Amino acid sequence: MNNPRRNVVPILGLLAVVAAFVAGNEARTRQDVGRSISTLQNLGVRSIIAAKDDVRPVGEAEFFFQLTLLLEREYVDPVNDETALANGAIRGMVNGLLEPESRFLDAEAFRAHEDALHGTVEGIGIETTLRYDAKTLEDARENLRKADPLLMLPDLIVTTVFPGSPAEAAGIRAGDRVIKLDGKWVLSYEDIKAIRAVRERAAQGKASTEEVTESRKEFQKRADDAKLAVKARDVLTTGLGKRHELSIVRTGKQLDFQVVTAKTPRPAIHKAPDGSVRLQFVSGAADALRAALDAGATVIDLRQSGIGDPREIVPALSAAAPTGQYGVLAAGMAGTPRPLTVGAGTERPPFRLIVDQTTEGAAEIFALALKKAGRATLTGKTASRPFYVETTKLPESKGYTLLTARWAEGAGK
Amino acid sequence: MKRFATVVFALAVIAAVFCTGFAFRDLASRREVSRDAFARLLGFAPQPKQTPTALFTHEYNAILAKSLVPINAEVLKHRAMEGMFASLGDPHTNFLEPVAAEDLKLETKGDFVGIGARLSPDPIGARVATVFKGAPAERAGLKPGDMVVSVDGEDAAGEDVNEVVAKIRGKAGTKVSIRVVRPGVVAPVNLEIVRGVVVIPTAEGKMIEPDHIGYLAVSQFAETTPIQFSDALDDLVQQRPKGLVIDLRGNPGGLLPAVSEMLGAFLDGKEVISMKLRDGSKQIATTPRAKTKAMPFPIVVLVNEESASASEIFAGVLQDYQHATIMGEHTYGKASVQTVFTLVDGSSAKITLARYYLPSGRNIERKVDEDGQYISGGLTPDIKVPLVIETDTLLGEPGRDSQLDLAIEHLRQAKGR
């Protein structure tokens, strides 16, 4: 009994057992998380659940991992797909930016987006944007609860109608606001403002109470059969061979269209009969532009260009102009100016660019950069949306776009 | 030889414990132990390129570094968690950032420390919309329609309502002085109010004359609702009404124990709902015993699509035991029970734990189409009555509320029990 070894063995054994458990758990955590997040936290999912007066900040990795565990343990249905949870979190972040060009894309929408950047457009052949009420958007970005949720409903606006598309054939134009799709109303802040204006006028005695009731009833009818603008956006830009009925508003008038979705080719370069060359910023745009300029093209048409692939901007500039700096890209949250520099440029005589309100994204950056350097003359005014929009691929065939920079002249010459 | 056996046994135990630790994640969440994880551990299967946590963290950092639109790191994290919860496709499983979590707590408690008035925005400043009965504001003489122009000597005219509310809030027992402009009174009025615990009125009754029919509106099922409901009901029953209307229109629900307690006035120790948990186990909620009140008159419960959750339990149980006639429109259709976990950074996680079934065994879960529009679900009223919107429509006012009018008509023609 007094043999000291007899006392040590059970204690060592117990320690070994505990150590084995912790080691096993740690091995799993490393496998699932990719790095260690303190085994003790992993053992007790409750560590993120507050006890009395237990307040501390939680890092994003721990937050995500712990909530995954909590959902797995508590949610009424089995939760097995953690990648889907991660994709959901990414969707929340991207859409939480409340920035129309930063979009989370589900599998089908992502494929359509990628195809469009590789020269084939699906759906009715348009690009759209969401236009928010400026004041409400400002409030919402500062504090989501400060913004009136009804006024957060955006307008759905056509920004580009690709040449040769079903939309173009039907007569849809850039600037049109989509108000109805397949019998469902796409409601926006403008509808809310209109009904409130009637109420306001009634309060001042300038409208009858019947008018207020009428406008309220009409709005209720539309709200009962509504489609969100973000959903309508996906419907219009995906699919083949589907018939859609849509109504738009153009300069205060409602127009109705029937359009069947189809593949619209979006070639990098398209030669028009008048000798001008139309350029689209899809993959391969820079090479095709170089070939066209070498062949003697002097007029480049940049209308109906869409946001485009920003990776083509620098190669396209070096195909069109000499080495140098071409303005700046204001990038990241601080809007830090990053010079847009072109190496291995090409010396060419200045040429002419045809632009208008539909020249945006990569094409607009290209146009403004050349104009600033005195390498091209512009006929027309661009959209003032020189956006640099990057695309990221995610697992499960999803992805997202993110507005990362906008072009600016920058300091200096 | 014996020594060798002991060593083998000890190693086996340690290996088994290691495996248990490795599979603990699966065991704790009561699901099948992942064979893939073991295969990867032993090197039979390749390590995935990226774990979900690493994937999330990578994109979080990328968005934070690259987005041109500024967003606060804390806000971005909370948006992510909201999106993660939303990906389950259950509208009632939500992540609530700290402010939203705080609001939910206040709502379910049904009382708060303050002066007991609701303010609404106005171009000139904050306007007093309602003053709660018996609250400090009422005792001090604050009136609906008053315009707050200063708080504790600080100018409040033209300020955002939320900021004015923040200035008025404070600890129980402390004083706040408010200067208000009252319509029709030339000089501003100065009021001194002592902050205290204010109970939000969530169950209010009145007698509708000349039909002599009791009307009891329940706006939510908070912790403080059962006692208010019981008092209001006693008050009406004493007046021997010819019928009773319980109005649950627009009532978003609340706490299950509150409903069970309130149903005790009608049903003695009866099943309210049965809940089915994720592991298949069942839990049954029942009404308390010996709490019923004698109510020798017919009862109508008014509902609409904004009646959800606890409201649907209340109405559905009375419908199943044929204790009341349900009138109005179909209800929302929330057939699940949630628990709120408070997290260490002040946010909270509201998670659906169970689905519930009414005593008749029916499940009322809402079904929607891809645009989120209602297809089916909710309680179907015994008598469908749409609300006719007129210019002067005001819910709860006979003559100006078409659903209430028909409920009264129904009760007048119904025979007493």
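The values are calculated or read from the model by the stated rules, or taken from the named source; none is laboratory data. As the structure is a computational prediction, the values presented were derived from the model and not from experiment. Positions of Cβ are backbone-derived with ideal geometry, glycine not excepted, and every protein chain shown enters the neighbour counts.
Remarks
- Flag for A:ALA411 being at pLDDT 95 or above and small (Gly, Ala, Ser): no
- None of A:LEU370, A:LEU317, A:LEU302, A:LEU329 is of a type outside the set (D, E, K, R) and within 14 Å of chain B (Cβ to nearest Cβ) except A:LEU329.
- Sole residue being over 23 Å from B:PRO257 (Cβ atoms) and of a type in the set (Gly, Ala, Ser), chosen from B:GLY333, B:GLY328: B:GLY328
One line per residue, one yes/no per condition, for (1) farther than 30 Å from B:VAL337 by Cβ; (2) modelled with pLDDT of 90 or more; (3) assigned by TED's automatic domain parsing to the domain that holds B:ILE193; (4) touching a Pro at 6+ places or on another chain (Cβ under 9 Å):
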position: B:THR93; (1), (2), (3), (4): no, yes, no, no
position: B:GLU97; (1), (2), (3), (4): no, yes, no, no
position: B:ALA100; (1), (2), (3), (4): no, no, no, no
position: B:LYS105; (1), (2), (3), (4): no, no, no, no
position: B:ASP122; (1), (2), (3), (4): yes, no, yes, no
position: B:GLY125; (1), (2), (3), (4): yes, no, yes, no
position: B:PRO136; (1), (2), (3), (4): yes, yes, yes, no
position: B:ALA140; (1), (2), (3), (4): yes, yes, yes, no
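- Those strands (runs of 3 or more DSSP E) of the stretch B:90-184 in which 3 or more residues are surrounded by fewer than 16 Cβ atoms within 10 Å (Cβ to Cβ), acidic (Asp, Glu) and without any contact (Cβ under 8 Å) to a residue 12 or more places away in the chain are absent.
- Residue within the stretch B:229-236 that is of a type in the set (S, T, N, Q), within 25 Å of B:PRO398 (Cα to Cα) and surrounded by fewer than 20 Cβ atoms within 10 Å (Cβ to Cβ) present: yes
- Scan of the stretch B:146-172 for residues that are over 29 Å from the mean Cα position of the chain (by Cα) and not charged (D, E, K, R), ordered by number: B:MET147, B:VAL148, B:VAL149, B:SER150, B:VAL151, B:GLY153, B:ALA156, B:ALA157, B:GLY158
- Members of the stretch A:47-76 that are without any contact (Cβ under 8 Å) to a residue 12 or more places away in the chain and more than 7 Å from every other protein chain (Cβ to nearest Cβ): A:ALA51, A:LYS52, A:ASP53, A:GLY59
- The set of residues in the stretch B:353-404 being among the acidic types (Asp, Glu) and over 30 Å from A:ASP234 (Cβ atoms) consists of B:ASP382, B:GLU390, B:ASP392, B:GLU397, B:ASP401.
- Restricting attention to the stretch A:365-384, the residues that are out of contact with any helix residue (DSSP H, G or I) (no Cβ under 6 Å at 6 or more places or on another chain), surrounded by fewer than 18 Cβ atoms within 10 Å (Cβ to Cβ) and not small (Gly, Ala, Ser) add up to 3.
- Applying the condition of being in contact (Cβ under 8 Å) with a residue 24 or more places away in the chain and assigned to a loop (DSSP other than H, G, I, E, B) to the stretch B:269-288 and asking which residue is nearest to B:VAL259 (Cα to Cα) yields B:THR287.
- For B:THR325, the test of being more than 19 Å from B:ALA407 (Cβ to Cβ) and in the same structural domain as B:GLN220 (by TED's automatic domain parsing) is failed.
- Those strands (runs of 3 or more DSSP E) of the stretch B:317-369 in which at least 2 residues are within 9 Å of another protein chain (Cβ to nearest Cβ) and of a type in the set (S, T, N, Q), considering only elements entirely within it, cover B:336-342, B:348-357.
- Inside the stretch B:221-253, residues that are outside any helix (DSSP H, G or I), in contact with a helix residue (DSSP H, G or I) (Cβ under 7 Å, 6 or more places away or on another chain) and not hydrophobic (A, V, I, L, M, F, W, C) make up a count of 5.
- Candidate set from the stretch B:345-399 (those that are of a type in the set (Ser, Thr, Tyr) and under 30 Å from A:GLU74 (Cβ atoms)); member that is surrounded by the most Cβ atoms within 10 Å (Cβ to Cβ): B:SER347
- Contacts under 7 angstrom Cβ, first residue in the stretch A:226-245 being within 11 Å of chain B (Cβ to nearest Cβ), partner of a type in the set (Val, Ile, Thr) and crowded, with 21+ Cβ neighbours inside 10 Å, 6 or more apart: A:LYS227/A:VAL186; A:ALA232/A:VAL178; A:ALA232/A:VAL186
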